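Peer 1: One structure is given below, represented as structure tokens, and several questions about it will come after.
The values are calculated or read from the model by the stated rules, or taken from the named source; none is laboratory data. On a predicted model such as this, the values are computed, not experimentally measured, just so you know. Here Cβ is always computed from backbone atoms with ideal geometry, including for glycine, and neighbour counts include all displayed protein chains. These accessible areas exclude ligands, DNA and RNA; they are computed on the full protein's heavy atoms, side chains included. Shrake-Rupley method; radii C 1.70, N 1.55, O 1.52, S 1.80 Å.
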There are 2 protein chains.
Amino acid sequence: MAEAESNPDSRNAYTLDSVREALVRQEDTIIFSLIERAKFPLNSHTYDQNYISIPGFCGSLVEFIVKNTEATQAKAGRYKSPEENPFFPENLLPSMVPYYPFSKMLHPTAALVNINKHIWKIYFDELLPLFAASGDDGSYAQTAASDLSLLQAISRRIHYGKFVAEVKYRESPADYEPAIRAQDQEAMMKLLTFESVEEMVRKRVEKKAMVFGQQVSLDSDENKGNKYKVDLSLVSRLYKQWVIPLIPSLVMVQSSKSIVAHAAVKVYKE
Amino acid sequence: MAEAESNPDSRNAYTLDSVREALVRQEDTIIFSLIERAKFPLNSHTYDQNYISIPGFCGSLVEFIVKNTEATQAKAGRYKSPEENPFFPENLLPSMVPYYPFSKMLHPTAALVNINKHIWKIYFDELLPLFAASGDDGSYAQTAASDLSLLQAISRRIHYGKFVAEVKYRESPADYEPAIRAQDQEAMMKLLTFESVEEMVRKRVEKKAMVFGQQVSLDSDENKGNKYKVDLSLVSRLYKQWVIPLIPSLVMVQSSKSIVAHAAVKVYKE
């Protein structure tokens, strides 16, 4: 029986260990999704604002897929989870699913932080042109669905930084209180991030891309030609250039503000 | 630059080589999707006919997600591709995407063969209970979306048998003509399937599950404990018990009927 890895205890506990395990597991999801998107050529019609003409809708095919899929998933309760953030939160209908006791660990200010508009822009402007091969095979809907899966995986990882920050604060609040009292974001960032850990993450992600991206055959020598399903250096670059910097520079700064708010309540109540 | 693997020449050509390459690549997608579904516990509310109450909708949460996602993807043209088959073809609106010259290689009878109702039943009745760990983490929408990705990957693979049969027939029509003229389905199946190839597929799939399902870390010895993200024997069993038998027993038989029809036209026109 496979092990359920998705926080079976999410009702209650985020610990340093569970958060670290989730981060590592999310890397696999991102790499699988990246490999799956790279299966398709660029399919530029998917992103053309003038390609489709659907009554009552204005935008590109990928916007059509993402907005409608998010609308469906919102009704099915996806965004009740504090780990999920929509790309188009405007006009989403509320969940039609009965109440579930998700963790209320995040301070309400942190729970509201959503930098998906920024992730969307970086994904389409910078990342996608690098790893999608040129070409057009007509499978625009499948391509857009594949973009959405990858975007959701990247977004989930980046926003998970909020839980990392919150857990680190809760593990040793005394370490953070001077910075919190001084509202010193730079000191807070120093406490929350470690260059050596980031370097390890980049290396691990590159190794995973090599393992998951290889052509597996029964002839064990077949991948000797180093033909991979994705460009390995790109996966490392995705983490180095976009995922890792986005976490501290956007989510963690904003989330550390909410830690400030969160902790300040405690500190000033003492 | 990554290589676009998704039939850049799908406008025209399916060859024995391109079809084989596609089958091998689809194994990766199925295993990635299986690993991603196994990330979640069973989340049985997802499949409960009485759990959600959405005005104008009657059914389980997974049916809600699949029907609505398919409706969106149908409008975006997914099912114009001869390689894609919906699970709920009833009431799907037509594509709103401009015409694309997909291959018309399949005989119209074969193009209409859709055994997704059967795949759906096997997936939920037999397969899912085997590989989803018990438990409930409240992420029903994500679980259902994950089921859909896996179902689409399995369905695509099984229905791809239609292209395999058609390509094999076209490569050497003379081999098939006696069986076609005699309408001898058993002889046709013998021509189309090979036990040794199926055995190789099962072994390769199990190897892929081991490679993609391993816990990758910078410490190369970490996976020594054989802790995998999915039960390896299950992936092999998925192919042995469900995917491979479904291809000849359902799609290929039905598709060979259409080869019969297709070839008969040619034969009798001579």
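Peer 1: Going by what's in this entry, would residue A:102 be described as surrounded by fewer than 21 Cβ atoms within 10 Å (Cβ to Cβ), under 16 Å from residue A:37 (Cβ atoms) and of a type outside the set (Ser, Thr, Tyr)?
Peer 2: No; evaluated as a whole, the condition is false for this residue.
Peer 1: Have a look at A:79, A:100 and point out the one that is within 21 Å of residue B:57 (Cβ to Cβ), at the interface with chain B (Cβ under 10 Å from one of its Cβ atoms) and not in a loop (DSSP other than H, G, I, E, B). Lay out the reasoning, then the answer.
Peer 2: Working: A:100 fails: not in a loop (DSSP other than H, G, I, E, B).
On inspection, the qualifying residue turns out to be A:79.
Peer 1: Can residue A:7 be described as modelled with pLDDT under 95, facing chain B (nearest Cβ under 8 Å) and part of a loop (DSSP other than H, G, I, E, B)?
Peer 2: yes
Peer 1: Sticking with this structure for a sec: Kindly indicate which of A:125, A:136 is within 29 Å of residue A:193 (Cα to Cα) and open to solvent by 10 Å² or more (accessible area, probe 1.4 Å).
Peer 2: On inspection, the qualifying residue turns out to be A:125.
Peer 1: Here are A:162, A:117, A:121: which of them is more than 14 Å from chain B (Cβ to nearest Cβ), modelled with pLDDT of 90 or more, in a helix (DSSP H, G or I) and over 19 Å from residue A:34 (Cβ atoms)?
Peer 2: Just one listed residue meets the conditions, A:117.
This table checks each residue for (1) within 14 Å of chain B (Cβ to nearest Cβ); (2) surrounded by fewer than 20 Cβ atoms within 10 Å (Cβ to Cβ); (3) under 21 Å from residue B:138 (Cα atoms); (4) not aromatic (Phe, Trp, Tyr).
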position	(1), (2), (3), (4)
A:144	yes, no, no, yes
A:175	no, yes, no, yes
A:180	no, no, no, yes
A:183	no, yes, no, yes
A:187	no, yes, no, yes
A:193	no, yes, no, yes
A:204	yes, yes, no, yes
A:207	yes, yes, no, yes
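Peer 1: Which residues, counting only those in segment B:10-34, are of a type in the set (A, V, I, L, M) and more than 12 Å from residue B:132 (Cβ to Cβ)? Break it down into steps so the answer makes sense when it comes.
Peer 2: Taking segment B:10-34 first, the residues of a type in the set (A, V, I, L, M) are B:13, B:16, B:19, B:22-24, B:30-31, B:34.
Result: B:13, B:16, B:19, B:22, B:23, B:24, B:30, B:31.
Peer 1: Moving on. Would you check if residue B:91 is out of contact with any His (no Cβ under 6 Å at 6 or more places or on another chain) and polar (S, T, N, Q)?
Peer 2: Criteria met by residue B:91.
Peer 1: Identify, by number, the condition in (1) under 25 Å from the mean Cα position of the chain (by Cα); (2) surrounded by 14 or more Cβ atoms within 10 Å (Cβ to Cβ); (3) more than 10 Å from chain A (Cβ to nearest Cβ) that residue B:149 doesn't meet.
Peer 2: The single condition residue B:149 does not satisfy is (3).
Peer 1: Please work out which one of (1) of a type in the set (Lys, Arg); (2) in contact (Cβ under 8 Å) with a residue 40 or more places away in the chain; (3) open to solvent by 10 Å² or more (accessible area, probe 1.4 Å); (4) away from chain B (no Cβ under 11 Å) is the condition residue A:156 fails and give its number.
Peer 2: Checking residue A:156 against (1) of a type in the set (Lys, Arg); (2) in contact (Cβ under 8 Å) with a residue 40 or more places away in the chain; (3) open to solvent by 10 Å² or more (accessible area, probe 1.4 Å); (4) away from chain B (no Cβ under 11 Å), the one that fails is (4).
Peer 1: Then there's this: Please specify each residue of segment A:38-62 satisfying the condition of being surrounded by fewer than 23 Cβ atoms within 10 Å (Cβ to Cβ), of a type in the set (S, T, N, Q) and in contact with a helix residue (DSSP H, G or I) (Cβ under 6 Å, 6 or more places away or on another chain).
Peer 2: Matches in segment A:38-62: A:60 only.
Peer 1: Could you please give the count of residues in segment A:223-256 that are part of a helix (DSSP H, G or I) and modelled with pLDDT of 55 or more? Step through it out loud before you land on a result.
Peer 2: Looking only at segment A:223-256, we keep the residues that are part of a helix (DSSP H, G or I), and these are A:223-225, A:232-256.
Add one more test, that the residue is modelled with pLDDT of 55 or more, and what stays is A:223-225, A:232-247.
The qualifying residues number 19.
Peer 1: Here's a follow-up. Just give me the residues in segment A:46-76 being of a type outside the set (A, V, I, L, M, F, W, C), farther than 22 Å from residue B:146 by Cα and either in contact with a Pro (Cβ under 6 Å, 6 or more places away or on another chain) or within 10 Å of chain B (Cβ to nearest Cβ) (or both), in sequence order.
Peer 2: Selection gives A:46, A:51, A:53, A:55.
Peer 1: Can you tell me which of B:93, B:112 is open to solvent by 60 Å² or more (accessible area, probe 1.4 Å), touching a helix residue (DSSP H, G or I) at 6+ places or on another chain (Cβ under 7 Å) and without any contact (Cβ under 8 Å) to a residue 60 or more places away in the chain?
Peer 2: B:93
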